[in-house]
Amino acid sequence: MQISSKIVSAAVVFILSLLLVDPAFAQNAAPGASVALERALEDVSGDGQPLSTTLQILIVMGLMTVLPSIILMMTSFTRIIIVLSILRYALGLQQTPPNQVLLGLALFLSMFVMAPQIETINQQAIAPYSADEITLTEAIEKSGTVMHSFMAKQTRQSDLKLFMELADKDGFASPEEIPFSIMLPAFVTSELKTAFQIGFLIFLPFLIIDLVVAAVLMALGMMMLSPVIISMPFKLLLFVMIDGWALTMGSLAGSFAT
C-alpha cells in the first residue's frame, strides 16, 4: 500500500513547525543540513521527484518517534499527568488507578484542551495545503504560529525573562517574536510550576485528614496501628462525595488560558 506524499507532508507540517519557525535554529543550522532539509521538503511537497514508498514509510516512522516529545513538551499533557499523579498519591493509593489509566485520561483530556488549536491548524494549514492553496512552508509557519500562541498564553513572564537572560536576548516587541528556543523551555518550566501549585491545593485537604486520624489514634493509644489504613477510607469517601474526578477534570481543563 503506497503512502501518498500529501500524508507525509501533513505529518511534516506538525513535526517541523518547531524548527522552521525558529530564527535561532535557522541561523545556527549547518549549511549542509539546511540544503538537505530544503531538498527533502521539495521532494515531499511534490516540487521535486516523488519519494519512494520505502522512504515515505521511513519518514513516517521517524516522525512518530518525535511525536511523544511534542505531546509532552508543547501541549497541556505535562500539567495534567503531574496533577493526576499527585492526586493518586494524596489519596494514599499506590497503583490505583493504574498508570495506563492515568496516561489515557491525561491524553484524552489534553486532546479536549487542545481541540481549538487542532481545529485552527486544520483550517489554516492542513486543509489549505491539501487543496494546494498554500505551500508547505506557509503551512508549517501557520501551524507553528498556532502552537506558539497557545504556549505564550500559558507561560509566565518571569519564566520567559529567565530564559531570555540565559540566552542573552531581549527587546522582543511582542510574544509572537519570541523564538521557540526560548518559548519552549519557558513553557515547560511554567507548566511544572502550575502543576505543583494545583497539586498542593489538592493534597492539602487529604493531608488534614491524615493528621486528624493520626492525632486520634495517638490519643487512643493505638500507636502501633498505621494511620494510612484508617485514613484511606475517609479520603476515598470525601473524594466520592464531592464528585472528585469530575471536579478535578473540570478544574484542569479550565486552568488553561484561552
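Condition check: hydroxyl-bearing (Ser, Thr, Tyr), in contact with a helix residue (DSSP H, G or I) (Cβ under 6 Å, 6 or more places away or on another chain), open to solvent by less than 30 Å² (accessible area, probe 1.4 Å) and free of Cβ contacts under 8 Å to residues at least 40 places away in the same chain. Does Thr120 satisfy that?
Answer is no for this residue.
Out of all the residues in segment 104-117, which are surrounded by 16 or more Cβ atoms within 10 Å (Cβ to Cβ) and out of contact with any Leu (no Cβ under 7 Å at 6 or more places or on another chain)?
Ser110, Val113, Met114, Gln117
Tell me, which residue of segment 200-240 that is out of contact with any Ser or Thr (no Cβ under 8 Å at 6 or more places or on another chain) and either under 30 Å from Lys153 (Cβ atoms) or hydroxyl-bearing (Ser, Thr, Tyr) (or both) is least open to solvent (accessible area, probe 1.4 Å)?
Ser231
Could you list all residues from segment 245-258 that are in contact (Cβ under 8 Å) with a residue 60 or more places away in the chain and open to solvent by less than 60 Å² (accessible area, probe 1.4 Å)?
Result: Thr248, Met249, Leu252, Ala253, Ser255, Phe256, Ala257.
So which residues in segment 74-100 are farther than 22 Å from Ser226 by Cα, open to solvent by 30 Å² or more (accessible area, probe 1.4 Å) and outside any helix (DSSP H, G or I)?
Pro98
Go through (1) in contact with a helix residue (DSSP H, G or I) (Cβ under 7 Å, 6 or more places away or on another chain); (2) not in a helix (DSSP H, G or I) for Thr194 and report which single condition fails.
Of the numbered conditions (1) in contact with a helix residue (DSSP H, G or I) (Cβ under 7 Å, 6 or more places away or on another chain); (2) not in a helix (DSSP H, G or I), the odd one out for Thr194 is (2).
Under 7 Å between Cβ atoms, which residue pairs at least 6 apart in sequence (or on different chains) link something in segment 75-104 that is more than 10 Å from Leu252 (Cβ to Cβ) with a partner that is among the acidic types (Asp, Glu)?
Thr78/Glu191
I'd like the full set of residues that are under 30 Å from Thr75 (Cα atoms) and either in contact (Cβ under 8 Å) with a residue 12 or more places away in the chain or among the acidic types (Asp, Glu) (or both), limited to segment 214-243.
Phe239, Asp243, listed by residue number.
Determine the pairs where a residue that is touching a residue at least 40 places away in the same chain (Cβ under 8 Å), located within segment 200-212, has a partner that is of a type in the set (D, E, K, R) with Cβ atoms under 7 Å apart, the partner being 6 or more residues away or on another chain.
Phe206/Lys235
So if I check each of Lys193, Lys153, Lys169, which one is loosely packed, with under 15 Cβ neighbours inside 10 Å and touching a residue at least 40 places away in the same chain (Cβ under 8 Å)?
Lys153
The values are calculated or read from the model by the stated rules, or taken from the named source; none is laboratory data. Because the structure is a prediction, the values reported are computed rather than measured. Here Cβ is always computed from backbone atoms with ideal geometry, including for glycine, and neighbour counts include all displayed protein chains. Note: areas computed on protein heavy atoms with side chains; ligands, DNA, RNA excluded. Shrake-Rupley method; radii C 1.70, N 1.55, O 1.52, S 1.80 Å.
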